[in-house]
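The values are calculated or read from the model by the stated rules, or taken from the named source; none is laboratory data. Please read these numbers as outputs of a predicted model, since none were measured by experiment. Here the Cβ positions follow ideal geometry from the backbone for every residue, glycine too, while neighbour counts run over all protein chains shown. Areas reflect the complete protein model, heavy atoms only, side chains present, ligands, DNA and RNA absent. Shrake-Rupley method; radii C 1.70, N 1.55, O 1.52, S 1.80 Å.
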Amino acid sequence: LPVGQVFDLLDLPVEIDLKKGIITGHVIDRRHAFRFDLTRGEVTASGKRTSLPAGEYIAGETEFFLRVDRFEFYLGLPMQFNFADLRVTLPLNEEFPAFRKMQRTLAHRQLQLHEEKLGDVKNLPYRRSLLGGAVADWSLSATPVGGGAQYVNLSMGAMVAGGDLSLGATGNSETGLSNDQFTWRWHYFVDTANFITQIEAGDLLVGGSGGPLGRQLRGVAVTNKPQTQRQYFRTVTIEGTLGEGWEVELYVDQKLTDFVYTDLSGRYEFDVDLYYGASVVTLKMYGPDGEIRTEEQYLRVPYNMIPEKTIEYAALVGQQPLDSLGDWYGQASAFYGVSRKITTGLGIDIPLGSQVEESPAWDIQTCYQPVGNLTLNGAYSPGYVASVDFNYNKPSVLSLDGGVSTYFENDERNLTHLRRTVMLSMSSPLVVHRRRLNFRYYLAWNTFEQSDQINMHFGFNSSFRRINFYYLGKYRAQRYNEQTEKNLSSEVFASVFFTRWFRPQFRIAYDHTENRLSRVAFFLNKRLFRTGQLGFSAERDMASKTNVFRVTFSLFTDFADFSSRAAYANGQATLNQVQQGSVRYDQKLKRILFDRYFGVGRSTAVVRPFLDDNFNGMLDENEEPVAGLRARVQGGREKPRDDRSTYYYEGLNPYDEHLVQIDPTSLDNPLLKPTYEGYRVPLNPNMVTMIDVPLVMTGEVEGMVRRRTGAGEIGLGGIKVQFYHQTKESLTEVMSFSNGDFFYLGLIPGRYRAAIDPEQLKRLGCTTEPEFIEFDLEAAESGASVTDINFLLLPIETAE
């Protein structure tokens with residue numbers, strides 16, 4: 001076999017100099033380098049030297065041939081020759097550069113197809129509801145054995161006057177519902193203005209000054225903060241120089257997002273959108289000679305940073321809900337993006353008619369990000385507090401948070417006479433003797449006028465064969481009037497994997513101050529009937545010399561969650577039951593929906609496909625719904641109804657623009673196809689939003705691709721015929737068969753332009769006659785058909 005052609009097929013590097021009798025290269029990496037010296041009759045491969053008999057190779061003028069059965073001995077390539085089939089086979093090694101290149105090519109194609117599908121998405125406008133929606137969350141708890149009150153929690157939500165209204169109340173069988181346990185909030189999203197984007201009334205959430213002066217108020221607020229949390233922050237450019245012919249892939253959080261090939265200058269460049277939160281950007285670089293390089297960057301944008309030259313404000317006025325004096329307060333804040341790394345703001349708190357004669361206060365807050373891994377925050381309120389905190393995060397290495405706050409004497413705000421707080425939190429995945437130990441540490445130190453409090457937690461978790469364990473140490477010290485109390489304890493949690501259904505857990509607590517075991521416990525949980533879970537625990541408290549036994553049964557249904565727990569301790573038995581869930585009303589389909597998850601403030605979508613006979617995109621009276629169409633909505637829970645003929649998508653974020661991707665393969669009739677592959681729609685909270693999906697009967701096209709030769713015109717296979725939908729601006733490709741014919745069933749009605757793939761024409765050195773064909777595919781009950789989409793390929797010289 002010709003070594004040069006084999007290595008070229010596998011995309012492996014080889015250099016053949018037959019004048020000098022030297023052949024060099026390597027297989028996959030340089031650890032498997034080889035060197036054939038024909039003059040000396042020897043081979044050096046993988047660091048070992050051996051002789052090369054003359055009968056095992058042939059040295060031609062331009063190629064070096066090696067006997068098939070010696071490829072494995074010298075090069076580690078187990079070639080096998082089958083004389084009956086005249087075929088040489090080589091087992092696949094996924095490390096072959098050619099295989100990796102093929103995988104990258106397929107990944108690049110999938111990325112391009114994904115981008116094309118995103119282009120076939122229809123944006124639906126936001127539709128405000130003046131009055132509609134009804135959802136309620138409920139929770140009941142009772143103690144039928146052992147005494148105790150029965151408790152109820154109820155939350156309700158709806159859309160009123162174009163805004164979302166939520167109500168909440170709690171109570172029990174002894175005191176009933178009281179006013180101090182009642183909350184309400186009405187929120188209005190202004191989608192047509194920039195200066196005011198949100199208006200709130202009731203128990204406010206938008207915040208006033210924020211920071212150290214923030215209060216919980218019941219009143220009225222306005223702000224220009226975006227309704228949905230910002231995602232995009234800014235765009236950065238990642239560039240470099242490698243050399244000509246390199247392939248560079250860009251991964252964001254392990255997901256391929258873009259790829260480029262270096263030009264003659266050897267440069268590559270990516271524009272990367274930075275989003276709030278943390279992102280790991282990875283560059284994978286593949287050289288023309290099989291080189292592989294990887295670079296990784298950690299990019300982080302804190303959520304309290306706002307884009308450069310952007311102003312955010314919030315203003316509110318109201319009363320503190322539980323203030324018996326009924327004092328009114330006004331608060332306001334404004335933050336400005338000074339630069340890409342600095343955001344600063346000013347907040348004020350003004351008592352309005354306060355009966356305790358409070359003084360107005362103000363504060364200044366700043367967020368500074370000197371480098372991507374480090375964020376600094378500072379706040380200062382004259383006469384009250386000065387604080388600074390930091391966050392450092394390096395993935396898979398160290399996460400560190402800390403802060404110090406100093407409080408001044410202030411009879412109005414510092415009622416506990418706090419002087420200083422110190423906080424430190426650290427986590428790191430340590431590796432000890434090749435074993436991973438996830439280490440955590442936490443320290444909180446509060447200094448008051450006459451006392452100090454120190455709380456410290458430290459621990460780690462790891463696994464050893466079939467045992468997962470976690471150690472937690474607790475230290476507490478309190479000083480008061482020259483007296484100090486200290487306590488140190490340790491707890492070990494262990495989960496043992498015996499079998500798939502038997503995984504007991506143990507907990508042991510040790511009091512180092514008393515030098516004795518303080519508590520021992522055993523836990524066992526078992527899943528039942530796919531929707532239930534049974535738990536048992538036994539616990540021994542050494543200090544009180546008591547034994548506690550508990551049995552818990554939980555049932556998870558589409559209607560609600562049910563949990564019952566029985567306990568026995570010191571001769572007394574108790575039984576506690578908790579049920580919770582939600583109920584929602586669908587105004588469009590006139591039905592009541594039950595769910596085990598809470599739904600107040602959340603959104604629900606339902607996809608309603610229908611056969612669009614007149615192709616106008618609207619459900620008319622004489623058009624019928626089509627059952628069974630499924631979709632994919634990120635972040636939503638799919639729940640089928642009516643024997644899977646209707647699908648609801650629950651638990652969605654309100655006001656967000658959700659991408660609803662249609663799955664046309666879920667339809668029983670393959671001739672039906674949605675007009676658009678997806679829909680982008682903002683959803684109202686507390687409501688079920690109907691998304692109408694028009695389906696059309698697809699049509700078929702057929703034709704032929706021929707090529708003119710000296711012997712006449714012949715059919716040409718493997719040619720891509722592109723059909724461009726001029727209204728939707730979408731593209732469909734069809735490949736011609738070996739005889740030149742092509743056929744495709746699945747085009748939706750509309751105006752099309754058909755043409756041969758221009759890139760393919762360029763490689764073939766041809767032009768077409770005609771250059772393109774325009775046609776209309778009409779909407780028809782049984783599907784329309786267009787024929788005679790014929791193209792003739794002509795060599796460019798002949799055409800000229």
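Criterion first (closer than 22 Å to P302 by Cβ, open to solvent by 40 Å² or more (accessible area, probe 1.4 Å), in contact (Cβ under 8 Å) with a residue 60 or more places away in the chain and among the charged types (D, E, K, R)) does R234 satisfy it? So R234 fits the description; yes. Could you check, for the stretch 248-268, whether at least one of its residues is closer than 30 Å to P360 by Cα, under 28 Å from the mean Cα position of the chain (by Cα) and at pLDDT below 90? Scanning the stretch 248-268 turns up no residue that is closer than 30 Å to P360 by Cα, under 28 Å from the mean Cα position of the chain (by Cα) and at pLDDT below 90. Close Cβ contacts (under 7 Å, 6 or more residues apart or on different chains) running from residues in the stretch 452-470 that are on the phi < 0 side of the Ramachandran plot to residues that are surrounded by fewer than 16 Cβ atoms within 10 Å (Cβ to Cβ) and not in a strand (DSSP E or B) comprise R466/F497. The residue that is farthest from T89 (Cα to Cα), among those in the stretch 4-27 that are loosely packed, with under 15 Cβ neighbours inside 10 Å and in contact (Cβ under 8 Å) with a residue 40 or more places away in the chain, is L18. State which residue pairs qualify: first residue within 16 Å of M102 (Cα to Cα) and open to solvent by 60 Å² or more (accessible area, probe 1.4 Å) and inside the stretch 280-293, second residue in a strand (DSSP E or B) and among the aromatic types (F, W, Y) in any location, beta carbons under 7 Å apart, and separation of 6 or more residues or different chains. Matching pairs, first to second residue: K284/Y251; I292/Y286. Against the test of being surrounded by fewer than 16 Cβ atoms within 10 Å (Cβ to Cβ), among the polar types (S, T, N, Q) and modelled with pLDDT of 90 or more, the options T192, T183, T197, T175 yield a single qualifying residue, T183.
Annotation: of all residues in the stretch 295-342 being open to solvent by less than 90 Å² (accessible area, probe 1.4 Å) and among the polar types (S, T, N, Q), the one that is nearest to the chain's Cα centre (by Cα) is Q297. Of the residues in the stretch 389-405, at least one is surrounded by 15 or more Cβ atoms within 10 Å (Cβ to Cβ), at pLDDT 95 or above and within 26 Å of E358 (Cα to Cα). A search for C-beta distances below 9 Å between a residue of the stretch 98-109 that is on the phi < 0 side of the Ramachandran plot and any residue that is among the hydrophobic types (A, V, I, L, M, F, W, C) and open to solvent by 70 Å² or more (accessible area, probe 1.4 Å), counting only pairs 6+ apart in sequence or on different chains, returns A98/L9; F99/L92; R100/I292. Of all the listed residues (F65, F81), the sole one being within 26 Å of H26 (Cβ to Cβ), among the hydrophobic types (A, V, I, L, M, F, W, C), part of a strand (DSSP E or B) and open to solvent by less than 90 Å² (accessible area, probe 1.4 Å) is F65.
Set side by side, the residues S554, S564, S518 differ, and just one is more than 36 Å from the chain's Cα centre (by Cα) and at pLDDT 90 or above, which is S518. The test for being more than 31 Å from the chain's Cα centre (by Cα), modelled with pLDDT of 90 or more and open to solvent by less than 60 Å² (accessible area, probe 1.4 Å) holds for E539. Where strands (runs of 3 or more DSSP E) sit wholly within the stretch 644-761, those with at least 2 residues that are of a type outside the set (S, T, N, Q), within 30 Å of R591 (Cβ to Cβ) and under 36 Å from the mean Cα position of the chain (by Cα) occupy 646-652, 657-663, 672-674, 678-682, 688-697. Annotation: of all residues in the stretch 202-230 being open to solvent by 20 Å² or more (accessible area, probe 1.4 Å) and of a type in the set (G, A, S), the one that is nearest to E657 (Cα to Cα) is G207. Taking each residue of the stretch 490-503 that is under 19 Å from R519 (Cβ atoms) and open to solvent by 30 Å² or more (accessible area, probe 1.4 Å) and looking for partners that are of a type in the set (K, R) and modelled with pLDDT under 85 with beta-carbon atoms closer than 6 Å, six or more apart or interchain, yields nothing.
Cβ-Cβ contacts under 8 Å between residues 6 or more apart (or on different chains), taken from a first residue in the stretch 474-489 that is at positive phi to a second residue that is of a type outside the set (S, T, Y), are listed as N481/Q450. Select from the stretch 145-167 the residues that are in contact with a Phe, Trp or Tyr (Cβ under 6 Å, 6 or more places away or on another chain) and farther than 17 Å from L683 by Cβ and write down the one among them that is most open to solvent (accessible area, probe 1.4 Å). Of everything passing the filter in the stretch 145-167, L154 is most open to solvent (accessible area, probe 1.4 Å). The residues on offer are T499, T552, T513, and the sole one that is in a loop (DSSP other than H, G, I, E, B) and touching a Lys or Arg at 6+ places or on another chain (Cβ under 8 Å) is T513.
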